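Scroll down for the structure; my scribbles are underneath it.
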Amino acid sequence: MTSSLETEPVSYPPAEEFAATANAGSELQEAADADRLAFWATQANRLHWHEQWTEVLDWKGADSDYIAKWFVGGKLNVAYNCVDRHVIDGYGDQVAIHWEGEPGDSRELTYAQLLAEVSRAANYFTEIGLTAGDRVAIYMPMIPEAIVTMLACARLGLIHSVVFAGFSSSALRQRVDDAEARLVVTTDGQWRRGKPAPLKAAVDEALAKGEHSVEHVLVVRRTESEVVWTENRDVWWHDTVANASDQHEAQPFDSEHPLFVLYTSGTTGKPKGIVHTSGGYLTQTSYTHHYVFDHKPGKDVYWCTADIGWVTGHSYIVYGPLSNRVTQVVYEGTPNSPDEHRHWNIVEKYGVSIYYTAPTLVRTFMKWGRQIPQAHDLSSIRLLGSVGEPINPEAWRWYREVIGGNKAPIVDTWWQTETGAIMMSPLPGVTSTKPGAAMGPLPGISAKVVDENGVEVVLGETEANGYLVLDEPWPAMLRGIWGDTERYKSTYWDRYAEQGWYFAGDGARIDVDGAYWILGRVDDVMNVSGHRISTAEVESALVGHHSVAEAAVVGATDATTGQSIVAFVILKASSEANDELTSELVAHVARDIGPIAKPKAIHIVPELPKTRSGKIMRRLLRDIAEGRDLGDTSTLVDPSVFESIREKSAN
Ligand code: ATP
Ligand code: MG
């Protein structure tokens, strides 16, 4: 990174060619500045409302427990907006989903077919007695029925709770209990790296002990794996939903009717059941998907690689894109199944033009080597997106050059499960981008970077790292934590109660040009001898070294310096672990950031603990660095990574 800084541009202005046809223009920000609520009213008109709202926003802050009402009195049906509307407008034959199964099978669903499937599921859910407000748990791999189920719930006003299919039976049980789900939808099994793995068995195990709320388990056949059957509780999709009528009329629901509960990834603590509602959520997901991804319905082929078990899958596979009449790729499996070419084969096969993924995957692609994507024709790609954590400049540049052909703009999108939709991002065709920066709040969104007392940090002062707050309500904002108002208030609102601001829990900095840099979670900002250093910065420096593939940095309690920096590092295949390399890495960080950021210890490890959404669980590494027992590991991909990490870090 040190050497490249002198030769690589610091900022990438939008290409004229792109700007000429971009959905976004400077008038968007002007409109939002002129009248923020009128701006959101315009965005809400992207949707079909069965009944018009009477007031854009009703916000009483603390007096209504920080629960906003958007588009008050309006009535709509979310599924109607995502499916029926397009068929009625004459696009029934347009492909909605190009589905690609892991073993190589594929399926295509047009909007007309999607409507028929969603209607069948809705009719069956009604037949078994589910009514608006009931909860449905969805524990499924990335197959079309998962999306159909979500939309069928939305259509009936049922509240879905998608539980990532990689989670354990106990994580599923926790979530089923918390939301008191009446129905669980699952599959017999799921494909993982070329092999079928059981899934329904985990549901059986989850429901084996004690009283629970589940009346039915609806099972889609996917892997033909053997399943144990509980009579009167378990039903096959192909015996029930498949035979139901494909005619169903969508009823309107209140703008504030709950749409789903989704548990956060649990990077910082016990997962929280985040509640989202209908009108505001759909308005903002639709708006952001249209402008941030520059999506052109009927022309683009869009691919968001997230799983529906994560908020990105909700907002940018299901609700935002489908409300905008997307044609999208949905892929069931892992990126190296059957080999590391899989994503690029898919891009070529469908002519993907918009590709949205997470930095962790970009770094994995880097580790595999550029010769892999370079063996493919990726010229269809015209825009790239990133989400989930700060993307280090090294990975950003690689992504743009190797995947984006040195021209596709990158939208680095900052948002959270809680925000429901993208809050910060460059607007392609409008904003000049800087590698590693989310750039700034989108038109209609208001954010500040402040200190402990709520005083805004000084623009451009590099020492002025602060806390990111959202000082105005936004349409897709969460409407609480399921069943826990106190936790909702204490997590997000108590910190800046006086000002009435939402505390995002992330650190940020604003540079001289006014660009926002997200520094990672506040819990991940270390305090070394009174200096506030972000884990992201040190990680970025480490990954900038040619031997390092991935790095995770934590602050461990230190008697003399308050905290000391401990790094866990994965080397590239070509590098060998030895003391010389470790000292070189320490020196490299000192050169890159300054001696104050020198790690006190560097552990070379084979793997890092990650959540299913691909994020490093630093709190667990901190537990290791400080010699504590591990906290809640229920959302971890592979708890066994700790054995190897403990072994290595004990040396
Ligand atoms: P939990 O809240 O349970 O600890 P989590 O915060 O990881 O889990 P998510 O809602 O999935 O759960 O992630 C949101 C967080 O991800 C943000 O607060 C931020 O820390 C990080 N993040 C997401 N996108 C970006 C981005 N583009 N740049 C920097 N950080 C990002
Ligand atoms: Mg969070």
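Key figures
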{"item": "Subset of the range 380-389 (residues that are within 13 Å of D300 (Cα to Cα) and assigned to a loop (DSSP other than H, G, I, E, B))", "result": "S380, I381, R382"}
{"item": "The range 175-197: number of residues that are closer than 23 Å to S315 by Cβ and surrounded by fewer than 22 Cβ atoms within 10 Å (Cβ to Cβ)", "result": "1"}
{"item": "Flag for L442 being in contact (Cβ under 8 Å) with a residue 12 or more places away in the chain, touching a Lys or Arg at 6+ places or on another chain (Cβ under 9 Å) and crowded, with 22+ Cβ neighbours inside 10 Å", "result": "no"}
{"item": "Out of A559, A587, A567, A551, sole residue that is modelled with pLDDT under 90 and hydrophobic (A, V, I, L, M, F, W, C)", "result": "A559"}
{"item": "Tally, over the range 140-153, of residues that are touching a Lys or Arg at 6+ places or on another chain (Cβ under 9 Å), touching a residue at least 60 places away in the same chain (Cβ under 8 Å) and closer than 14 Å to V219 by Cα", "result": "5"}
{"item": "Unmet requirement for D524, which otherwise passes all of (1) within 15 Å of ligand 1 (Cβ to nearest atom); (2) touching a strand residue (DSSP E or B) at 6+ places or on another chain (Cβ under 6 Å)", "result": "(2)"}
{"item": "Qualifying strands (runs of 3 or more DSSP E) (wholly inside the range 253-350; at least 2 residues being more than 15 Å from the chain's Cα centre (by Cα), modelled with pLDDT of 95 or more and more than 16 Å from ligand 1 (Cβ to nearest atom))", "result": "258-263, 328-331"}
{"item": "Single match in E498, E472, E452 (criterion: in a loop (DSSP other than H, G, I, E, B), over 27 Å from the mean Cα position of the chain (by Cα) and either surrounded by 15 or more Cβ atoms within 10 Å (Cβ to Cβ) or at pLDDT below 90 (or both))", "result": "E452"}
{"item": "Matching residues in the range 395-444 - criterion: being part of a loop (DSSP other than H, G, I, E, B), of a type in the set (A, V, I, L, M), away from ligand 2 (no atom under 16 Å from the Cβ) and in contact with a helix residue (DSSP H, G or I) (Cβ under 8 Å, 6 or more places away or on another chain)", "result": "A408, L427, V430, L442"}
{"item": "Residue among K200, K209 that is more than 23 Å from I317 (Cα to Cα), among the basic types (K, R) and free of Cβ contacts under 8 Å to residues at least 12 places away in the same chain", "result": "K209"}
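A quick yes/no check of all residues on (1) without any contact (Cβ under 8 Å) to a residue 60 or more places away in the chain; (2) surrounded by fewer than 23 Cβ atoms within 10 Å (Cβ to Cβ); (3) within 29 Å of M439 (Cβ to Cβ); (4) more than 16 Å from ligand 2 (Cβ to nearest atom):
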| site | (1), (2), (3), (4) |
| --- | --- |
| I308 | no, no, yes, yes |
| H314 | no, no, yes, no |
| Y319 | no, no, yes, yes |
| S323 | no, no, yes, yes |
| S353 | yes, yes, yes, yes |
| I372 | yes, yes, no, yes |
| R382 | no, yes, yes, yes |
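One line per residue, one yes/no per condition, for (1) more than 20 Å from E550 (Cβ to Cβ); (2) acidic (D, E); (3) more than 9 Å from ligand 1 (Cβ to nearest atom):
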site	(1), (2), (3)
R382	yes, no, yes
G405	yes, no, yes
T413	yes, no, no
L427	yes, no, yes
P435	no, no, yes
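The values are calculated or read from the model by the stated rules, or taken from the named source; none is laboratory data. Keep in mind it's a predicted model, so treat the numbers as computed, not measured. Positions of Cβ are backbone-derived with ideal geometry, glycine not excepted, and every protein chain shown enters the neighbour counts.
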